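> For reference, the structure I am asking about is given below.
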Amino acid sequence: MENGSQQWRFQGNKRLSLTSAISLRGLVEMLIRNLSTDDPRPTTPLGNGDPSRFPGFKTSTTAEEAIVDAVHSAKYNGYAPIAGVPSTRRAIANYLNRDLPYKLSADDVYLTSECIQAIEVALAAITQSGANILLPRPAFTFYESRAAYENLKVRQLDLLPDKDWEVDIDAVEALADENTVVMVTINPGNPCGSVYSYDHLKLVAETARKLGILVIADEVYCHITFGSNPFVPMGVFGSIVPVLFLGSISKRWFIPGWRLGWLATTDPNGILQKSGIVESITGCCNITSDPATFIQIRYAKKIKICIYFINVVLLLGYK
């Protein structure tokens, strides 16, 4: 790149421009830039899952007051530990344990800046030269753009619309080869709204085990379900196949801007530890940012209260 007689040695990262162009945010921003400023009609944002933009969705005042109290206390203005505040990691583990046949510990949970960063950490941890991943189609577009940034090859796995958007198991086996390392599942489905049954998820787990690959389970919409199928976490099948499952507080609490998510490992057989995936996750956390400390600490207290009331309801026998 020349400027007169001067030759500059730097230039923009073209890989970032290319991967950003296929991201949901990139597409939405492109549409917004091309809206006519002379058109008086109002626009409705449908490009991302942000319920806070609509007046009918508002988080509880208790959650808001907890944040105010945390800030006023001046106790949580410092840096948090790399993987997150221990009490918050423990609270999230206890919350997830309600749905699992075995118990997670705080060490199995890594706090992230929303579920987006959990995806980044998960894909970075499994990246290796020549590797490819099986990504459902249709799916949340961030996976494809982030995989491209990590130089992970994507093999598109078409879901089955006539079977409630289930995973095509035959296609999984046909697409996978010796370089396949991961299959991604999104349940409840984004954007299709599907909720997979216990039997279907077990079949997915058994197929992944047969192929020797792990599962990244995006469960950011967990328990926000309608219809006859109850939500079943992929971690239930952690004894069959190791699972990295991802979540956040944004959807159920209507607070995506608070930016608190997690990556949790369900691996009772210790396969992720032996293969170095856990070490890679920790290494990635060491070189990335983390959620605000006051958000972490207050969420720990809120989730403990939530678990208490859930246990009371279960004790009373209500559904």
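> I want to verify the translational diffusion coefficient of the chain in µm²/s; compute it with Stokes-Einstein, Rh as the Kirkwood radius over Cα pairs, at 20 °C and 1.002 mPa s.
Result for D is 101 µm²/s.
> Going by the alpha-carbon gyration tensor, a ≥ b ≥ c the square roots of its eigenvalues, is the stretch 123-241 rounded (a/c under 1.5) or, if a/c is not under 1.5, prolate (a/b greater than b/c) versus oblate? The partial results should precede the final answer.
Details: a/c = 1.68, a/b = 1.43, b/c = 1.18.
In terms of gyration-tensor shape, prolate.
> Carbon-plus-sulfur fraction of the accessible area of the stretch 115-227, 1.4 Å probe, in percent?
Working: 2240 of 4820 Å².
That share works out to 46 percent.
> Shifting gears a bit: Per residue, how much accessible area does the chain show when a 1.4 Å probe rolls over the protein heavy atoms, in square angstrom? Each step should come with its number before you reach the end.
Details: 17480 Å² over 319 residues.
Per-residue accessible area for the chain comes out at 55 Å².
> Given 204, 296, 277, which one lies farthest toward the positive end of the charge dipole of the chain, if we put +1 on the Cβ of every Lys and Arg and -1 on the Cβ of every Asp and Glu?
The listed residue farthest towards the positive side: 296.
> In what sequence, largest accessible area first, do 262, 165 appear using a 1.4 Å probe?
Output order, biggest surface exposure first: 165, 262.
> Could you sort out which of 153/251; 14/153; 103/274 sit more than 21 Å apart by Cα distance in this structure?
Over 21 Å Cα-Cα: 153/251.
> Also, quick follow-up: Under 10 Å, Cα contacts only: if you run a Gaussian network model on the chain, which one of 287, 82, 271 comes out with the highest mean-square fluctuation?
Looking only at 287, 82, 271, the biggest GNM fluctuation is shown by 287.
> When the solvent-accessible surface of protein heavy atoms is calculated with a 1.4 angstrom probe, in what order do 28, 184 fall, highest first? Don't skip to the answer; put the middle values down first.
On the way: 28 35, 184 5 Å².
So the residues, ranked largest to smallest area, are 28, 184.
> May I pose another question? Multiply the residue separation of residue 17 and residue 58 by 0.36 nm, subtract the distance between their alpha-carbon atoms, and state the gained length in nm to one decimal.
That pair, residue 17 and residue 58, stretches by 11.3 nm at full extension.
> Further, regarding this structure: So what is the calculated 222 nm ellipticity per residue for the chain, using -39500 (n - 2.57) for each DSSP H run with n of 4 or more, over all residues, to the nearest 500 deg cm²/dmol?
On the way: 12 runs with 127 residues, N = 319.
Calculated at 222 nm, the ellipticity per residue is -12000 deg cm²/dmol.
> With a 1.4 Å probe and every protein chain left in place, tell me how much accessible area residue 89 has, in Å² to the nearest 10.
Rounded to the nearest 10, that gives 30 Å².
> Which whole-Hz ³J(HN,Hα) couplings does the stretch 171-176 yield from phi under the Karplus relation 6.51 cos²θ - 1.76 cosθ + 1.60, θ = phi - 60°, glycine and proline marked x?
Calculated HN-Hα couplings, in order: 5, 4, 5, 6, 7, 6 Hz.
> Which whole DSSP H helices in the chain pass both tests: a Cα extent of 30 Å or more along the axis and a mean Kyte-Doolittle value no lower than 0.5?
293-316
> Equivalent ellipsoid semi-axes for the stretch 218-282, as square roots of 5 times the alpha carbon gyration tensor eigenvalues: give them largest first, rounded to whole Å.
Semi-axes from the Cα gyration tensor: 25, 18, 5 Å.
> Additional query: If the only charges are +1 at each Lys and Arg Cβ and -1 at each Asp and Glu Cβ, what is the size of the charge dipole of the chain around the Cα centre, to the nearest 20 debye?
900 debye
> Counting only Cα, what are the radius of gyration and maximum Cα-Cα distance Dmax of the stretch 58-138, in Å?
Final numbers for Rg and Dmax: 16.9, 50 Å.
> Please list 72, 223 from largest to smallest accessible area, probe radius 1.4 Å, with all protein chains kept in place.
Putting 72, 223 in descending order of accessible area: 72, 223.
> Heavy atoms of the protein only, probe of 1.4 Å, neighbouring chains included. What is the accessible area of residue 30 in Å², nearest 10?
Looks like 80 Å² after rounding.
> For the chain, what is the relative contact order in percent, using Cα pairs closer than 8 Å and at least 6 residues apart in sequence? Mind showing how you got there, number by number?
Working: 490 pairs, mean separation 73.1, N = 319.
Answer for the chain is 23 percent.
> Give me, ordered by chain and number, the residues 5 or more places off residue 275 or on other chains with an amide H under 5 Å from its own placed amide H.
none
The values are calculated or read from the model by the stated rules, or taken from the named source; none is laboratory data. In this text, all values refer to a predicted model and were calculated from it rather than measured experimentally. Using ideal geometry, Cβ is built from the backbone for each residue, glycine included, and neighbour counts are taken over all protein chains shown. Quick note on the areas: whole protein, heavy atoms, side chains included, nothing else; ligands and nucleic acids left out. Shrake-Rupley method; radii C 1.70, N 1.55, O 1.52, S 1.80 Å.
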